[in-house]
Amino acid sequence: MWFAIDRRETVPLFRQVLEAFREAILTGRMPAGAKLPSTRELAGELGISRNVALEAYEQLLAEGYIVGRPGAGTYVADGACMKEYESGKAPSAPENRKADAVTRKVGAAISFKTGQPAADRFPLRLWGTLLQRAAANIAPDDLGYGDPAGWAALRRELADHLWRTRGVVCRPEQVLVTNGAVQALNLLTRLLLRAGDEIILEDPTNEDLKTLFASTGATIISVRADDEGLDPRLLPQQIRPKCVYVTPSHHFPLGGVLPIQRRIALLSYLRRGDGYLIEDDYDSEFRYDGPPIHSLQSLDPERVVYVGTFSKTMFPALRIGFMVLPEPLVAGARALKRLSDFQTPILDQLALARFLEEGHLRAHLQKMKKLYHKKRNRLVQAMEVHWTKEYRILGQAVGLHLAVSFAADFPPDAVRRMAEAGVEAGILPKRKMLLGYGHLSETEIEEGVRRLGRALDLRKRESGKSEFEAALTPEKKAERTSVEG
């Protein structure tokens, strides 16, 4: 034969035989009517089992490359040559895997990425048991298409959980289960926004959300957020927006908590028109300086859509989120969910309902709050040890990340420097940095801060003056004094 078998390859033997014949036929090297060796002959010549040869021939026959003639043998079929075919266009699977391995090797060794919980601390064995129980006890009738809004028992548990922990006011019928918070926001954009409508977003905010909202053709109006979240004094008075999107209990990315005065002012602004407020409450369960803040929805259930997820409290791959809707929006949201994917996977919903009902989520949150509190403290202490005092910490009281505001600019090649130092962190405008710590060990946090200090010249010198401080102009020093104050 004109090809050889490579037993060191991870590609199965039958696949190697199949691809060799397929390429020969497509390119015309084996023309129509050419006779193939018998499976016994092929196996003997290549040193493979006859079953491997038979499997390859059966696949060629199924795809139409060859035809069998009773008593005469197997031949290349008519019309299987493709003159335009170029052999070897697609890279082989092993090469792809090698490329992936190289990508992984050159990636950042320590990443302060945001939104990542400590998934290794989740009680997976317990979760597996709950999934098994759900599968064993589900009725056959429940394996069909169910309620697009979600399993009734889960919605009851969610309504109770949200009332006890966040003060959310709702009936189970107002809860809609989604595939993560992203789907909830996607459905809301289709439900509430049309081309030409106006929506107000915090500035800064998640850039992916900007893209999502802009996809409707709506006009995005950005309103500046500071250490306490969106500033209602800056809201445009000449418009009546269809939506206002906020993260009031832990602003992303700066971490501010919206005080009651601003919440009242924001709701008063919204009541002038017929718009709705979308409250994204993504990780505020982890509050370290007291109990979680009451939801904004508790102040005005008729105007606020409350959106949440279990990606941070449990694990991101679960892909279960939810929204609590004012009564007038329930029917429309259910219809859109049905047209989107009909329903969220039922076994996950059943297991989650039990996880809530039996108190496992409450116990897990208490354990993780203590763990994240320790990690937060380690991060703050590491910055004190390895960095200068020319920074201010924002949003450290809540969630799985904090922001750092610096008095001096970053080096212009900051991203390259961090990559070379084996560390990754989010760089924001106006000399700010995002540090997610939930998924990192305390040792990784310490080492990551040390690497950032080295990469961005944040370390103290022996003289007590940092490299940052030494480079400050008089104007920058004055600005630093203002920031520190």
Problem set entry | Exclusive hit being at pLDDT 95 or above and buried (at least 19 other Cβ atoms within 10 Å of the Cβ), set 335, 351, 331 | 351
Exercise. Which residue pairs have Cβ atoms closer than 6 Å, lie 6 or more positions apart in sequence or on different chains, and pair a first residue in the range 439-451 that is at pLDDT 95 or above with a second residue that is among the hydroxyl-bearing types (Ser, Thr, Tyr) and not in a helix (DSSP H, G or I)?
Worked result: 445/437
Seminar exercise, completed: Going through the range 10-37 in order, the residues found to be open to solvent by 40 Å² or more (accessible area, probe 1.4 Å), outside any helix (DSSP H, G or I) and under 13 Å from residue 76 (Cα atoms) are 27, 29, 31, 32, 35
Seminar exercise, completed: Selection from the range 263-288 of residues open to solvent by 30 Å² or more (accessible area, probe 1.4 Å) and among the basic types (Lys, Arg) yields 271, 272, 287
For this session: Return the total of residues in the range 308-323 being part of a loop (DSSP other than H, G, I, E, B), among the polar types (S, T, N, Q) and buried (at least 21 other Cβ atoms within 10 Å of the Cβ).
Result: 1
Problem set entry | Breaking point among (1) among the hydrophobic types (A, V, I, L, M, F, W, C); (2) modelled with pLDDT under 95; (3) out of contact with any strand residue (DSSP E or B) (no Cβ under 9 Å at 6 or more places or on another chain), for residue 286 | (3)
Exercise. When both residues are 6+ apart or on different chains and their Cβ atoms are under 6 Å apart, which pairs have a first residue that lies in the range 60-82 and is under 14 Å from residue 33 (Cα atoms) and acidic (Asp, Glu), and a second that is assigned to a loop (DSSP other than H, G, I, E, B) and open to solvent by 30 Å² or more (accessible area, probe 1.4 Å)?
Worked result: 78/32
For this session: Would you please list the contacts, defined by Cβ atoms under 7 Å and residues six or more apart or on different chains, that run from a residue in the range 208-228 that is hydrophobic (A, V, I, L, M, F, W, C) to a residue that is part of a strand (DSSP E or B) and surrounded by fewer than 19 Cβ atoms within 10 Å (Cβ to Cβ)?
Result: 213/220; 214/220; 218/198; 221/198; 223/203; 225/203
For this session: Pick out the one residue from 149, 136 that is farther than 30 Å from residue 441 by Cβ and free of Cβ contacts under 8 Å to residues at least 40 places away in the same chain.
Result: 136
Exercise. Which ones in the range 136-182 are among the β-branched types (Val, Ile, Thr), more than 11 Å from residue 346 (Cα to Cα) and open to solvent by less than 70 Å² (accessible area, probe 1.4 Å)?
Worked result: 165, 168, 169, 175, 178
Problem set entry | the range 400-422 residues that are under 29 Å from residue 368 (Cβ atoms) and touching a residue at least 12 places away in the same chain (Cβ under 8 Å), paired with ones that are open to solvent by 70 Å² or more (accessible area, probe 1.4 Å) and of a type in the set (A, V, I, L, M, F, W, C) (beta carbon under 7 Å, 6 or more apart) | 422/109
For this session: Please state which of the following conditions residue 62 fails to meet, knowing it meets all the rest: (1) surrounded by 13 or more Cβ atoms within 10 Å (Cβ to Cβ); (2) within 46 Å of the chain's Cα centre (by Cα); (3) of a type in the set (A, V, I, L, M).
Result: (1)
Problem set entry | Looking only at the range 180-218, and only at residues there that are small (Gly, Ala, Ser) and outside any loop (DSSP other than H, G, I, E, B), the one that is nearest to residue 323 (Cα to Cα) | 184
Problem set entry | Positions within the range 232-276 being farther than 30 Å from residue 437 by Cβ, part of a loop (DSSP other than H, G, I, E, B) and touching a Pro at 6+ places or on another chain (Cβ under 8 Å), in sequence order | 273, 275
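The values are calculated or read from the model by the stated rules, or taken from the named source; none is laboratory data. Treat the numbers as computed from the prediction; the structure is a model and nothing was measured. Virtual Cβ from ideal backbone geometry, glycine too; neighbours counted across all protein chains shown. Please note that ligands, DNA and RNA were not included when accessible areas were found on the heavy atoms of the full protein model with its side chains. Shrake-Rupley method; radii C 1.70, N 1.55, O 1.52, S 1.80 Å.
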